[in-house]
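Written out below as structure tokens is the structure these notes cover.
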Amino acid sequence: MDLKLDHYTEGDCEIVAVEGEIDVYTAPRLRELLIDLVNKGNFHLVVNMEKVEFLDSTGLGVLVGGLKRVRAHDGSLDLVCTQERILKIFRITGLTKVFGIYDSVPEAIEARRSQK
């Protein structure tokens, strides 16, 4: 399975839609996209992982790296994920305490607005 990436703007958030597998082979593409978005001044990102089928440690590293990058600009990187097998990875690694994890893109955007 390959990785499909797309992104669009909603309010002051940039939504990154990810589909497929985020692994050692595909994670560099996601890293490049996140770096590019931050370099263009997008500091509030929502990564929609609803269609992600697999996530490995390289993928986790890319997400943590993206979070560090936006936080350097007082930004945020939240995740949309409801798949139990992916959520379990975040729970085991303790990253549920680091990322905002939401059930939908509108929920993530609303949470962002209420944090302002």
**Study point:** PHE99 at pLDDT 95 or above and in contact with a Leu (Cβ under 7 Å, 6 or more places away or on another chain)
**Key:** yes
Exercise for review: Could you please give the count of residues in the stretch 10-49 that are under 10 Å from the mean Cα position of the chain (by Cα), in a strand (DSSP E or B) and hydrophobic (A, V, I, L, M, F, W, C)?
Suggested key: 8
Study note, to complete from the structure: Going through the stretch 89-116 in order, the residues found to be in a helix (DSSP H, G or I) and basic (Lys, Arg) are ARG91, LYS97, ARG112, ARG113
Check your understanding: Looking at LYS68, LYS88, which is the one that is without any contact (Cβ under 8 Å) to a residue 12 or more places away in the chain, of a type outside the set (Asp, Glu) and more than 21 Å from PRO28 (Cα to Cα)?
Key -> LYS88
Exercise for review: Give me a count of the residues in the stretch 50-88 that are part of a helix (DSSP H, G or I), surrounded by fewer than 19 Cβ atoms within 10 Å (Cβ to Cβ) and either of a type in the set (D, E, K, R) or touching an Asp or Glu at 6+ places or on another chain (Cβ under 7 Å) (or both).
Suggested key: 6
Study note, to complete from the structure: Filtering the stretch 18-67 for residues that are of a type in the set (Phe, Trp, Tyr) and within 16 Å of GLY100 (Cβ to Cβ) leaves a count of 1
Check your understanding: Of the residues that make up the stretch 29-38, is at least one more than 25 Å from ARG113 (Cβ to Cβ) and basic (Lys, Arg)?
Key -> yes
Review point. Could you say whether any residue in the stretch 13-20 is out of contact with any Asp or Glu (no Cβ under 6 Å at 6 or more places or on another chain) and over 23 Å from GLU107 (Cα atoms)?
Key: no
Review point. ARG112 passes all but one of (1) of a type outside the set (Gly, Ala, Ser); (2) free of Cβ contacts under 8 Å to residues at least 24 places away in the same chain; (3) more than 26 Å from ASP2 (Cα to Cα); which number fails?
Key: (2)
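The values are calculated or read from the model by the stated rules, or taken from the named source; none is laboratory data. All values derive from a computational prediction rather than experimental measurement. Using ideal geometry, Cβ is built from the backbone for each residue, glycine included, and neighbour counts are taken over all protein chains shown.
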